[in-house]
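Data first, discussion second: the structure below is written as C-alpha cells.
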Amino acid sequence: MEDHYGHRISYLRISVTDRCNERCTYCMPDEEQTWLERTEILTEEEILRVVHAGVSLGISKIRVTGGEPLTRPGVVDLMGKLGAIPQIQNLGFSTNGTLLSRKLKSGVTNAQGLYDAGVRALNLSLDSLDPEVYRESTSRDLLPQFLEGLEAAQEAGFENIRLNCVLMRNRNEHELWSLVEFAAERGCLIRFVELMPVSSREVLTEENFLPAIEARRIIEFRHGELKPLPDYRTNGPASYFELESGQKIGFISAMTNLHFCENCDKLRLTAEGKLRPCLGSHLEFDMRKVLRDSSTTDADLQQFFRDVVDRKPKEHDFRENYQPQRRMIAIGG
Ligand code: SAM
Ligand code: SF4
C-alpha cells in the first residue's frame, strides 16, 4: 500500500487496551479515568482478522502496545498467534516493563512468554532511574518492578532492548548521562523522545519541553561528540548517533525534526478498533463497525485499509497548535 505522498505502508501498531497500571503525566494524567467497556475493545479474533487483512496488503511489521498491553488478559497468547503468521517479519511489543517478571499460569514469566511467542523487538519505557522522579513521572512507585522486568526480559533471551525515555525539562534532564550509562551497562539501546501534545496540552509547556538538540548537547558535554549515523535505522522515525565508545543513542524528535514524517510507514489500530493513518492527526476510521457487520468480507476489510491509506496526511499536525482530543493511552503510543 502506498499513499499519495509516497509513504509505503508496512507497519501496523496495535493498541490492545486503554488500561494501565501507571499514570504517566504526559499520557494519562488523571486518576479519574473513564475506561472503555470490555465490549468496546476489539476481541482477539477481531484483531487477528484485521491483521490478516493487513498482511495480505503488505503489512509485515506489527507492534502491540496500549495502554499497558500486559494488563490485558491473554495478550501473551495473542502474541503467539501473531508470531505464527508467516508474513510478519518483525513482531514488537511496547511495555512499561513493570509486569514482565510476573508469572503466567504456565509458570514462566510474561517476558519468557513473549519471547517464546516470537516477539523480538521489545521496547521498554524508562524516564528516570531515581525512584522519586520515576514516581513523579508515572504516579507509581514501580521502579523496582521495572528493574526486575528488564532482568526477566534479558533472562528470557531478549537482545537489543530499546529503552524509551520521554524528555522533560526539570524532571529528567539532569539524569540523561546516567540513563545513557545505564543503557550501556545493560546492553540496551536508549532513545530519547520529545514530549508530544497527544494527551494534554498542559503538560507540553515551554517549561516542560526539552528539545532533542538540547538533550544531545547535554549528553555531549559529559560523553563527548555524538556522531550522526544517517544510515542507521530501526523500525521507526528515530535518528541515531554514536558516541566514541560505539554506543548508539536515538532521538525521536516529532516536534523539532521537520523531516520526521518523510519515511512514515505506519498505521495505528486503537483499542476500540479505529484505524488511524497518523498519530498526530485527528483522522480516524471506525473499523470495529465494519468488523461487527456480519456481511463484511475480507475484500471489504482490504478496501477499508486502502481507503485509510489514501487519507494519510503528508505530515502530522503537532506543530499547528494541535489540540489533543484523545488520550495517548487510547490511541496506542
Ligand atoms: N505502556 C507502554 C509503555 O509505557 O511503554 C506502552 C504504551 S505507551 C503509550 C508507548 C510510549 O508512548 C511510551 O514510551 C511513552 O513514554 C510514550 N508516550 C506517551 N505519551 C507521550 C507523549 N505525550 N509524548 C511522547 N511520548 C509519549
Ligand atoms: Fe501507561 Fe505507558 Fe501511558 Fe505510562 S506511557 S501511562 S505506562 S500507557
Subject >> Among the residues listed as LEU210, LEU179, LEU258, LEU195, the single one being aliphatic (A, V, I, L, M) and farther than 22 Å from CYS24 by Cβ >> reply: LEU258
Original post:
Quick check: is even one residue across region 118-136 touching a helix residue (DSSP H, G or I) at 6+ places or on another chain (Cβ under 6 Å), closer than 22 Å to MET28 by Cβ, crowded, with 19+ Cβ neighbours inside 10 Å and aromatic (Phe, Trp, Tyr)?
Top reply: yes
Original post:
Do we have PHE209 as crowded, with 17+ Cβ neighbours inside 10 Å and under 26 Å from ASP265 (Cα atoms) here?
Top reply: no
**OP:** Pairs only if they're at least six apart or on different chains, beta carbon under 9 angstrom, first in region 93-120 and without any contact (Cβ under 8 Å) to a residue 24 or more places away in the chain, second assigned to a strand (DSSP E or B) and away from ligand 1 (no atom under 16 Å from the Cβ); list them, first residue then second.
**Re:** LYS103/THR109
Original post:
Which of the following residues is under 27 Å from LEU269 (Cα atoms), at pLDDT 95 or above, away from ligand 2 (no atom under 16 Å from the Cβ) and crowded, with 16+ Cβ neighbours inside 10 Å: GLY149, GLY74, GLY83?
Top reply: GLY83
**OP:** Identify the single condition in (1) within 20 Å of the chain's Cα centre (by Cα); (2) surrounded by 18 or more Cβ atoms within 10 Å (Cβ to Cβ); (3) more than 29 Å from PRO228 (Cβ to Cβ); (4) modelled with pLDDT of 95 or more that PHE158 does not satisfy, given that it satisfies every other one.
**Re:** (3)
Original post:
Among the residues of region 1-53, how many are assigned to a loop (DSSP other than H, G, I, E, B), over 20 Å from LEU99 (Cα atoms) and touching a strand residue (DSSP E or B) at 6+ places or on another chain (Cβ under 8 Å)?
Top reply: 5
Subject >> Hits in region 162-194 (condition: of a type in the set (Val, Ile, Thr) and part of a strand (DSSP E or B)) >> reply: VAL166, ILE190, VAL193
Subject >> Residue ID - nearest to the chain's Cα centre (by Cα), chosen from residues in region 215-269 that are farther than 30 Å from ASP18 by Cα and of a type in the set (S, T, N, Q) >> reply: GLN247
Subject >> Number of positions in region 278-296 that are in a helix (DSSP H, G or I), under 25 Å from the mean Cα position of the chain (by Cα) and among the aliphatic types (A, V, I, L, M) >> reply: 2
Original post:
If a residue has to be closer than 20 Å to THR65 by Cβ and either within 14 Å of ligand 1 (Cβ to nearest atom) or free of Cβ contacts under 8 Å to residues at least 40 places away in the same chain (or both) to count, how many in region 254-269 make the cut?
Top reply: 5
**OP:** Determine whether region 102-111 contains at least one residue that is touching a Ser or Thr at 6+ places or on another chain (Cβ under 9 Å), assigned to a helix (DSSP H, G or I) and more than 30 Å from ASN170 (Cα to Cα).
**Re:** yes
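The values are calculated or read from the model by the stated rules, or taken from the named source; none is laboratory data. No experiment lies behind these values; they were computed from the predicted model shown. Note that we place each Cβ from the backbone using ideal geometry, even for glycine, and neighbour counts take in every protein chain shown.
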